[in-house]
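The values are calculated or read from the model by the stated rules, or taken from the named source; none is laboratory data. All values derive from a computational prediction rather than experimental measurement. Heads up, the Cβs are rebuilt from the backbone with ideal geometry, glycines too, and the neighbour counts pull from every protein chain shown.
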Amino acid sequence: MPQPDLTVVRSALERAGVAVSIEEVACLGVVCRVSADSARAAVATLRDSDLAFDFLIDLFGIDTGEAIDVVYHLRSFSRDEEIVVKAAHDYDGVLASIWDLLPAALMPERELCELFGLSLLGHPNPKRLLTTDGCAPYLRKFVEIRSDEEVRDRSTQHVNPKRLARAAGSIAAEEPMVAPDAPSATQDGIVAPGTFQPTLLPAGLRRAPAGVDQVTTEHLVLSMGPQHPSTHGVLRLNLEIDGEEVVGAEAIIGYLHRGIEKLAESRRYHTIGTLLDRGDYLAGIHSELALALATEKLLEVESPRRANYLRVMLGELNRIASHITWYGPAGLDAGAMGPFLYTFRDRELLLDILEDVTGARMMFNYVRPGGVLRDFTTTAEAKIRHFLDVFAVHIEENDEILMGNEIFQARTQGLGVFSREAALGFGLTGANLRASGVSWDIRRDRPYAAYNEMDFDIPLSEVGDVYARTAVRLDEMRQAARIVRQCIDGLPEGEFTAKVPKVLRPPVGEAYAAVESPRGELGVHIVSDGSDTPYRMRYRPPALYALQAGETLLPGGLIADAVVLMGSMDVVLGEIDR
Amino acid sequence: MNTWLIVVLRFLAALTLMLVNGVVMIYMLRKVLGRLHLRLGPMDNGPWGMLQTVYDVIKLLTKEDPTPSAVDRGLFFLAPAVVFVPSLMAYIALPFSRTWVVADLPLGLLFVFAVMSLIPLGILMAGWASNNKWSLIGAMRAVGAQVTYEVPMLIAALPVVMMAGSLNLGDIVRAQHNVWFVVNVPAFVLFCIAGLIESGQTPFDLAEAESELVAGFATEYSAMKFGLLFLSEFSNTFIFSALTVTLFFGGWQVPFVPADVVQPIAPVVFMLKTYIGIFFLMAIRGTLPRVRVDQMLELGWKFLLPTSIAWLLITGLIMKIGSTLAVSR
Amino acid sequence: MSRIYGTGILRSMIIAFTNFLRPPITMQYPHERWVLPDRARWAVAPLYDEAGAPKCRACMACVKACPDAVLALDFDTDPETKDKQIVSFSYQVGACMMCGLCVEACPFDALEMSHVYELARIAPDPLEYELLADVPAAKAPKRAEHPSKPICAEKEGDDA
């Protein structure tokens, strides 16, 4: 990973009056430690200086036992560098929002504050994101999860916030997230005077102009979801509508929240994959792979070449399965029933292949630190070759039936346009980012597994609308099929797993590994304390960033647009809610 | 025979036809969509699943029918009837053969349009009375579509009326003895687009757009009240297809075959043509995406209305020139 | 690229009609059955030796490995012979996520992920049942055996 020049970073921060201590952490890169008060200034400086760290990869917290480290993981696309900023906050501290600097922080900040019990200052919508009122800040270390005995007694299981709050002791469960002196979201001037005023307002604040006809009508609040035919899981959109026109929108999530990050802290490394499978349930191989890569970085283990090929091959098959499950419903969102069922004939073949190799159709539990769980099978090879032949025909048909259709074009072209700047600001990754003209693909720019041996193109579009996102994903499926063919033709002989101990105990340290999942940059950040379970595992959900970006574009469209637009962002609620 | 008895019998015949049509069309829809989507459709109940729809009707009839507490009860109960009755009335004017017509109305075409335009009233009632936002939006869309497409549809049918010289559907069919009016392609296309919208077919099924509005105006309905709404929707599809056959495809006639020869099987010919039309409607339903509501209205006001008026004028002009030439020759 | 408006719609319809003529891809499920791949993971089942006795030695490895705590093993140890008697080996199939970690953890090849996939029940009771009950646990063979298994590898011989 290319790293920024330490002296440049130090001088830039010190010129801005930020006291900083910089260290280089193995497996993670440059880490700047700043005080809680100057975290916002540090991020602003890094963004605005020549370093141009204008992309927020992730924002999360770590309970170190003495304080809560708020971690800002930043990237500069222009210089191709990454940096980590850590700011230690007191347990009753206040997190100064950076949403006006990097709007990508909107939802992660809310999540961080509710799960670590911090107050949030300067945020336009400082509400809980994932949990209900009264839920303890469970990512703090002293909050314990249920023991095995409690888990086994399923008769007593129900959501009981008090059970979680039990260990919280002195923390008032109903403590608001908003700092007492924080201005409320409804007032004017949310952002402290003198700070940068962004043009991109979050959906909670952005209001579409009154209806086209300027007629004053009563607005309806329409709760779309969590049970709705086309919200792709349990997403709930609270739409304020004026007739058919959406004037305000807010995405409400958390209906599928299971606390994967907390649960991972009590799991051994090779068993965390079962949790991550259930995060992004459409692309389990990728999340397992991200975890395996992060663990391997800490362990300093290299997985064998055959394992890398298997990882790439199954990952790409999984990518096609995921994209195809997105493409069919994208047509269904627009009302076309046919493509939905046509895509499922290919998906069936794919899931059969994946089941043949891994043993399960979606919850694979296959990629492990050190390699993969099982070797490739001969039956799967025949199935893959058959699939590749069939798919080459079907993809063209599927492409034409929807993309060539004038009605679909009229529905999607010019809708939900993300400019390059907006896409970067909101932390979009993957196909959503590439549809907005940013050529960035972790498979090419940070090669992992066997991708540096593969020959493939990165589909790109400059338009950034729903149609462009659809087209980019379609092309990605073709490229994925190409990679699979290379893998199966060049599958090397050898071991499928490295020699690693039965119980993994990575040395103390931190590691971040990202993979290009079908939804974008899926990262796993592991903090190890040397024991057999991670001290903290952070799962970067690309769909969460896509969701908060899509949310902002809803006002101004129609109800039908809202459905198509949210669908086009490829949100998977298992991953968003975790 | 008693005149009243005949009236009642004819009415019952129309009602039976409508109900049987509904059951057959639901089965057909499932099978056609199934095959379009590489499936088989229902297969288990009866041979090739033929009894599936019958079971479904029995289920709908015997199901508990809860009424949501916040609905406007009077309108809520009335709405399915208001939707159902006009589509039944439209059957009265359809000529299944030279003699098989419930009422041979001199203004048959106008009658069909008139009663069909009552349906959105029932849909609006259903949407409003349900006290549900999805229902209300769906109902408003239905009314918007109705207002937009009533006029273009009628105007698109007028060239046929001019060519036949009558508004009586039987006369229109007889006028197509050798040449079907589908030769007037633009009129046919315009009529089809308007009719798709009028009968709520797929590229324009905005009133109950499933992926947007859950089930539109029918969201709160269940059991047989839902059954009636559902039945009337299928009935509308049938009427639209039958009307297209009557206006453009020669009704019960087979070209170049004397009417006396066709007469014994005329209703069969008519139903066959109608069901072919329904098949295409179902194929469209299984394939095409849905337009947005503003696009539908734009299509109506900015394209369909001016074009249909223009084509009416052009048809008139061509006919005038044709007849002048014929006279002068 | 200018096209006549509507040709795309026509192409869509042609593709749909092509599919209309193709054979169906579905399976008439209760009448036909899918052949599961060898590695398919479904309900956990105990394995037995040639004599029909369970191979389980009541070592608790699977119970400790289970992330969802769906397995529970209760056994009595004879104070003299140190032989173990399995009182109950219960399994909550309703909460099992079929991850296969118990089978990986088993050092004696006494568990498998079976191919029993029709697990739907109309009442919750059968969702917890005994895999083994009131049977003597298998004894270690006389000669010292060190079951050496590479980590991340499954039982030998399971590879298709």
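Restricting B:Val179, B:Val161, B:Val185 to those that are within 14 Å of another protein chain (Cβ to nearest Cβ) and under 23 Å from B:Trp311 (Cβ atoms) reduces the list to B:Val185. Which of the residues belonging to the stretch A:367-382 are farther than 26 Å from A:Leu504 by Cβ and buried (at least 20 other Cβ atoms within 10 Å of the Cβ)? Matches in the stretch A:367-382: A:Ala380 only. Scanning the stretch B:141-153 turns up no residue that is farther than 19 Å from B:Leu243 by Cβ, within 13 Å of another protein chain (Cβ to nearest Cβ), without any contact (Cβ under 8 Å) to a residue 24 or more places away in the chain and over 18 Å from the mean Cα position of the chain (by Cα). Here A:Ser21 passes the criteria (1) in a loop (DSSP other than H, G, I, E, B); (2) surrounded by fewer than 15 Cβ atoms within 10 Å (Cβ to Cβ); (3) of a type outside the set (Val, Ile, Thr) except the one numbered (1). Among the candidates A:Ala468, A:Ala560, A:Ala546, the residue that is surrounded by 22 or more Cβ atoms within 10 Å (Cβ to Cβ) and free of Cβ contacts under 8 Å to residues at least 40 places away in the same chain is uniquely A:Ala468.
For B:Gly22, are the conditions met, namely being buried (at least 18 other Cβ atoms within 10 Å of the Cβ) and without any contact (Cβ under 8 Å) to a residue 12 or more places away in the chain? Spell out how you get there, then give the answer.
Numbers: buried (at least 18 other Cβ atoms within 10 Å of the Cβ): yes; without any contact (Cβ under 8 Å) to a residue 12 or more places away in the chain: no.
Against the criterion (buried (at least 18 other Cβ atoms within 10 Å of the Cβ) and without any contact (Cβ under 8 Å) to a residue 12 or more places away in the chain), B:Gly22 does not qualify.
When the criteria are applied in full, A:Thr325 meets the requirement of being among the β-branched types (Val, Ile, Thr), more than 9 Å from every other protein chain (Cβ to nearest Cβ), out of contact with any Phe, Trp or Tyr (no Cβ under 7 Å at 6 or more places or on another chain) and not in a strand (DSSP E or B).
Filter the stretch B:104-118 for residues that are more than 20 Å from B:Ser199 (Cα to Cα) and among the hydrophobic types (A, V, I, L, M, F, W, C); which is surrounded by the fewest Cβ atoms within 10 Å (Cβ to Cβ)? Break it down stepwise before answering.
Filtering the stretch B:104-118 for residues more than 20 Å from B:Ser199 (Cα to Cα) gives B:104-107.
Within this subset, residues satisfying the condition of being among the hydrophobic types (A, V, I, L, M, F, W, C) are B:105, B:107.
Numbers: B:Leu105: 18, B:Leu107: 14.
Step by step, filter the stretch B:104-118, then rank; the result is B:Leu107.
C:Ile9 meets the conditions (1) within 9 Å of chain A (Cβ to nearest Cβ); (2) closer than 26 Å to A:Gly359 by Cα in every case but one. The failed one is (2). Just to verify a result, which residue in the stretch A:484-505, among those that are among the charged types (D, E, K, R) and in contact with a helix residue (DSSP H, G or I) (Cβ under 8 Å, 6 or more places away or on another chain), is nearest to the other protein chains (Cβ to nearest Cβ)? Filtering the stretch A:484-505 for residues that are among the charged types (D, E, K, R) and in contact with a helix residue (DSSP H, G or I) (Cβ under 8 Å, 6 or more places away or on another chain), the one nearest to the other protein chains (Cβ to nearest Cβ) comes out as A:Glu495. Say whether the condition of being farther than 24 Å from B:Ala194 by Cα, charged (D, E, K, R) and surrounded by fewer than 18 Cβ atoms within 10 Å (Cβ to Cβ) is met by at least one residue in the stretch B:80-103. Checking the stretch B:80-103: not a single residue is farther than 24 Å from B:Ala194 by Cα, charged (D, E, K, R) and surrounded by fewer than 18 Cβ atoms within 10 Å (Cβ to Cβ).
Has the stretch A:342-357 got any residue that is modelled with pLDDT under 90, surrounded by fewer than 22 Cβ atoms within 10 Å (Cβ to Cβ), of a type in the set (Lys, Arg) and not in a helix (DSSP H, G or I)? No, there is no match, as no residue in the stretch A:342-357 is modelled with pLDDT under 90, surrounded by fewer than 22 Cβ atoms within 10 Å (Cβ to Cβ), of a type in the set (Lys, Arg) and not in a helix (DSSP H, G or I).
Output yes when any residue across the stretch A:413-429 is within 9 Å of another protein chain (Cβ to nearest Cβ) and not in a helix (DSSP H, G or I), and no when none is. Working first, answer last.
So in the stretch A:413-429, the residues within 9 Å of another protein chain (Cβ to nearest Cβ) come out as none.
The answer is no; no qualifying residue exists.
For every residue, the table says whether it meets (1) surrounded by fewer than 21 Cβ atoms within 10 Å (Cβ to Cβ); (2) farther than 30 Å from C:Gly8 by Cα.
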residue: B:Ile197; (1), (2): no, no
residue: B:Lys225; (1), (2): no, yes
residue: B:Asn236; (1), (2): no, no
residue: B:Ile239; (1), (2): no, no
residue: B:Val245; (1), (2): no, no
residue: B:Gln263; (1), (2): yes, yes
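Could you say whether any residue in the stretch C:27-42 is more than 9 Å from chain A (Cβ to nearest Cβ) and of a type in the set (S, T, N, Q)? Looking through the stretch C:27-42, at least one residue is more than 9 Å from chain A (Cβ to nearest Cβ) and of a type in the set (S, T, N, Q). Selection of the stretch A:253-290 for residues being of a type in the set (A, V, I, L, M) and either within 16 Å of the chain's Cα centre (by Cα) or crowded, with 20+ Cβ neighbours inside 10 Å (or both) yields A:Ile253, A:Leu256, A:Ile260, A:Ala264, A:Ile272, A:Leu275, A:Leu276, A:Leu282, A:Ala283, A:Ile285, A:Leu289, A:Ala290.
Residue-wise test of (1) in contact with a helix residue (DSSP H, G or I) (Cβ under 9 Å, 6 or more places away or on another chain); (2) outside any loop (DSSP other than H, G, I, E, B); (3) buried (at least 24 other Cβ atoms within 10 Å of the Cβ).
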| position | (1), (2), (3) |
| --- | --- |
| A:Arg40 | no, yes, no |
| A:Val43 | yes, yes, yes |
| A:Asp50 | yes, no, no |
| A:Gly65 | no, no, no |
| A:Tyr91 | yes, no, no |
